[in-house]
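The values are calculated or read from the model by the stated rules, or taken from the named source; none is laboratory data. Since this is a predicted model, take the numbers as computed values, not measurements. Quick reminder, even Gly has a Cβ in these numbers, built from the backbone with ideal geometry, and neighbours come from all protein chains shown.
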Amino acid sequence: MGPAGAGKTTVGRALAAALGWPFVDGDDRHSPANVEKMRAGAALSDADRAPWLASLHAAIARTLDRREHLVVACSALKRSYRDVLRGDARRLRFVYLKAAPGERSQRLSTRPDHFAGPKLLAGQLATLEEPDEMEAFTVDATWPQERIVAAIVREFGL
């Protein structure tokens, strides 16, 4: 989890590959209307996000019901969003990829075709409710991808 430019997709894919688990990129679950809104530089409202969060929660719940595993990349900016994603799934764990705004901006400038561009970052940072250590494992998003994956695997005993 984390604002745009945190490396959620990159780290999520690497973690899923290391563990042999499926990967879901939350960006792929946005409605076309939400994608166009973000592409225009407009932040999503809670109402815009509600069906998207419900879709991700359903994927998580199905996976847990089958006693399987899944890695999901999702901004999960607010505690209330994380609560929706978690539902009653106490086994769900969050990893917060934390980086300075300047680092995020630099990363976003290297992906000009992505709908979540630099214009969205300030709004996402304003919306962000950073999780505490009880809610999420925080990792320095500037570390090399391999180090981040190793830290997550070690922290969660995977």
Margin query: Regarding region 46-62, can at least one residue be identified that is touching a residue at least 40 places away in the same chain (Cβ under 8 Å), of a type in the set (S, T, Y) and in a helix (DSSP H, G or I)?
Written below: no
Exercise. Using the structure shown, decide if R91 is under 25 Å from G157 (Cα atoms), among the charged types (D, E, K, R) and assigned to a loop (DSSP other than H, G, I, E, B).
Key: yes
Here the residues within region 5-35 that are small (G, A, S) and either in contact (Cβ under 8 Å) with a residue 24 or more places away in the chain or surrounded by 19 or more Cβ atoms within 10 Å (Cβ to Cβ) (or both) are G5, A6, G7, G12, A14, A16, A18, G26
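To keep it simple, each residue is scored yes or no on (1) at pLDDT 95 or above; (2) in contact with a His (Cβ under 8 Å, 6 or more places away or on another chain); (3) on the phi > 0 side of the Ramachandran plot.
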{"site": "L19", "(1), (2), (3)": "yes, yes, no"}
{"site": "A33", "(1), (2), (3)": "no, no, no"}
{"site": "M38", "(1), (2), (3)": "no, yes, no"}
{"site": "G41", "(1), (2), (3)": "no, no, yes"}
{"site": "L53", "(1), (2), (3)": "yes, no, no"}
{"site": "S80", "(1), (2), (3)": "yes, no, no"}
Residue count, region 140-158, condition over 16 Å from the mean Cα position of the chain (by Cα), in a helix (DSSP H, G or I) and of a type outside the set (G, A, S), comes to 6
